[in-house]
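*Asks:* Quick one: structure below, then a few questions.
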Amino acid sequence: KNIMTSIAAPPISGNNKAKRKFFQRHDPYVEYYRLRGNKNNDSDKKKRCTSSFSSCTIYGSAFCPAPTNHKNKYFVACTNNGYIVVWNLRRSSSMASSDEDTKKKKSDNFGPLDPILSVHVGEDVISNNNQVLYDLQFIQSNNGEHFLVASGDPGIVIYKWADFEAAIDAKLNEEDAGPFYSMSTKKPKCQDPLRSNSDLSKIRPLSTLTPHPSPATSFGECIEINSISYEKTNDILYGASGDVFGCYQWDLSTERLLGTFGGASRYEVGGHRDYLHVVKSIPEGCGGSPTQCVITGGEDGNVGFWDGKSRKLIEMINVQSAMDKHKDSVTSDTTTTHNNRSFLSNASTPSNNLWVSSMDTAGNWLAVCGGAEHTNNTMITSRSSGQPSSSGFMTLWHLPTRTFTSGCVTRESLNTVVYNSSLDSFVSGGNEGRVSFWETAAMTRSGRSWSTPPATYTMSVDPESSWMVVGGTGGTLDCFVDRVKVSRLQVTS
């Protein structure tokens, strides 16, 4: 208690407190979609539909494990209003055909696919306060059982995936009205999110893990878990929090909290100075790591490397300092001049105007992306006047040596990055309505594709095919085969 009261907690404002920079450009896009939707005044129902899905944001997503019968392929996402939404991709005409046939089709040939099931994490569906979900993953325990894990304002909720499969089977048996979407219309189905199917109440979490009451809030409220990562060997779950406690470490076999590390309260021993956005667990032996390693990133613009067993700091690296030091290895979207390829501070020390939003690995390589906060005393645009300003970055690091190898200063703020093995490329998404493809060896952009979400917050790659799904603001997700957008998924509840 004495330690908690002595913590100099970072300032908090707004609803999504730990996301104040990560979602700094969310609202303009939502407002744009609302205004565009209100131009059509055909009926009140159409207005409600447009407003409902335009204000929905997809923060986390994942492909489900391969079913034993291989008849269905499910995709799952979590939303800002506390829903876990499931689609059966086998009902998409594009996935039912071969990849080669799919590439020849255009996504406008068929309407978006509606979900097959929606589950709310709260007991009362009408109450959506403090139910935002930011991350979602499938994990497989050592006994082979699959679990669906979601994190956000409620903490961490863990479901048995078998319960979802049973609910889906029951709903499929009740369906007598044909397919879940119409091939003859492109209009999304408008459903009232307050009207829940009877199947929804039957799926309850197996367990809920909550962080500590926060000393940074006036009422000691629990703060959200922004990102999760699972270490299978020791059955450990890590959660990056929006609080001074930093990263949480739970033993899933006992559901016991083992400890926290890397938070602002531990800065005197090398912890982060601000809230965490992302955590990544690296198994022992992977990426050249001699021990199980945990990597964290957050609003202070630092990447922390930690010993997963002892929770001791291995190294803390400031992204801005690394890019400024190796500016010859940094390219830029914002200018063609060689001297304008880094983020430089007017002060002699890093101003920490960058924030880390996401990371992913590919063998010995670590990709880290994020954004830049515009301040008056930091030159985060360029060292030459009249040049376009920069808002984000993409960097590549060598995991075994934890060294910066290359990077790019981007015009857009980058929110997510994922490795696509079928393309052997990292793929990123940000606030420009496009996804970017990056060469793994040098972190140079090899191409871009337009996406339906104006701002992208999640991307998932199917390990068994070349499919990739992109989601964010607006309630619509894009399905890509390689670099071609082939179909869409629609949130309708």
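Just so it is clear, none of the values below were taken in a lab; they were calculated from the coordinates. Here the structure is a predicted model, which is why all the values come from computation and not from measurement. Reconstructed Cβ throughout: ideal geometry from the backbone, glycine too, with neighbour counts over all protein chains shown.
*Asks:* I need the phi-derived Karplus couplings for the stretch 243-250: 6.51 cos²θ - 1.76 cosθ + 1.60, θ = phi - 60°, integer Hz, Gly and Pro marked x.
*Replies:* 8, 5, 7, x, 9, 9, 10, 10
*Asks:* Filter the GluC sites (Glu not before Pro) in the stretch 411-490 down to the DSSP loop ones having no more than 16 other Cβ atoms within 10 Å, then list what survives.
*Replies:* On the way: sites: GLU412, GLU432, GLU439, GLU464; in loops: GLU412, GLU432, GLU464.
When the GluC sites (Glu not before Pro) of the stretch 411-490 are filtered for loop state and at most 16 Cβ neighbours within 10 Å, GLU464 remain.
*Asks:* Report the FRET efficiency, 1/(1 + (r/R0)^6), for ALA170 and ALA66, where r is their Cβ-Cβ distance and R0 is 22 Å, rounded to 0.05.
*Replies:* Here the calculated transfer efficiency is 0.55.
*Asks:* Could you list which residues have their amide H under 5 Å from that of THR291, counting only those 5 or more apart in sequence or on another chain, with H placed in the peptide plane?
*Replies:* GLY285
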